[in-house]
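Below: one structure, written as structure tokens.
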Amino acid sequence: MAATTETNRTLLTMRVRKATYLASTLLLAAGLGVFAGSGQAQSTAHKKTVSSKARASAHGKRNSRRSTSRRERGQKVPTPDRISEIQQALAKDGSFSGKPNGKWDASTIEATRKFQEAHGLNPTGKLDAKTLQQLGLGSQTSGVAPPMPPVSSSSLQKTTPPQATRQR
């Protein structure tokens, strides 16, 4: 009878182990299923967000943050008033013989080229900073040196010069 009791205990222990293993496996699988389901839910929510943004832009609605921060790159074409101003300056110099009309035409390009050649500039016929300066229409600093980096408030704080620290 002792052998039977021992066998029953062994069988019972094996069954408990199998049940524990099966239960832990099922819990693990269920946990992974929950996490996988939440990942799908997140990606579905992301897709909905993207598609709603696409729909909003298709209907002509714009995000105010984007439209205010957009910046066109490159140089802009001078306005007719500015071209007239340039033509007047070229005429004053004697390079332009026509009447200022506000159009950047072949005679204006030729006059610009003549002006540039007469003043020792590269005669391209195109407007650049040095040409505008020579005409008296440009900035005093534009085209003279490369742009300087913006000054930050931290660089404005007083510091001791390195020479003063060496002398001490």
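The values are calculated or read from the model by the stated rules, or taken from the named source; none is laboratory data. Bear in mind the structure is a predicted one, so any value in this text is a computation, not a measurement. No Cβ is skipped: glycine too gets one built from the backbone with ideal geometry, and neighbour counts run over all protein chains shown. Quick note on the areas: whole protein, heavy atoms, side chains included, nothing else; ligands and nucleic acids left out. Shrake-Rupley method; radii C 1.70, N 1.55, O 1.52, S 1.80 Å.
Computed quantities for the displayed model
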item	result
Subset tally (residues that are open to solvent by less than 60 Å² (accessible area, probe 1.4 Å), out of contact with any Phe, Trp or Tyr (no Cβ under 8 Å at 6 or more places or on another chain) and either among the hydroxyl-bearing types (Ser, Thr, Tyr) or touching a residue at least 24 places away in the same chain (Cβ under 8 Å) (or both)) for the range 98-114	1
Flag if GLY74 is within 30 Å of ASN101 (Cα to Cα), at pLDDT below 80 and either within 31 Å of the chain's Cα centre (by Cα) or of a type in the set (S, T, N, Q) (or both)	yes
Leading residue by the ranking (most open to solvent (accessible area, probe 1.4 Å)) among those in the range 115-129 that are part of a loop (DSSP other than H, G, I, E, B) and among the charged types (D, E, K, R)	LYS126
Residue that is farthest from LEU127 (Cα to Cα) [pool: residues in the range 80-97 that are assigned to a loop (DSSP other than H, G, I, E, B) and touching a residue at least 12 places away in the same chain (Cβ under 8 Å)]	SER97
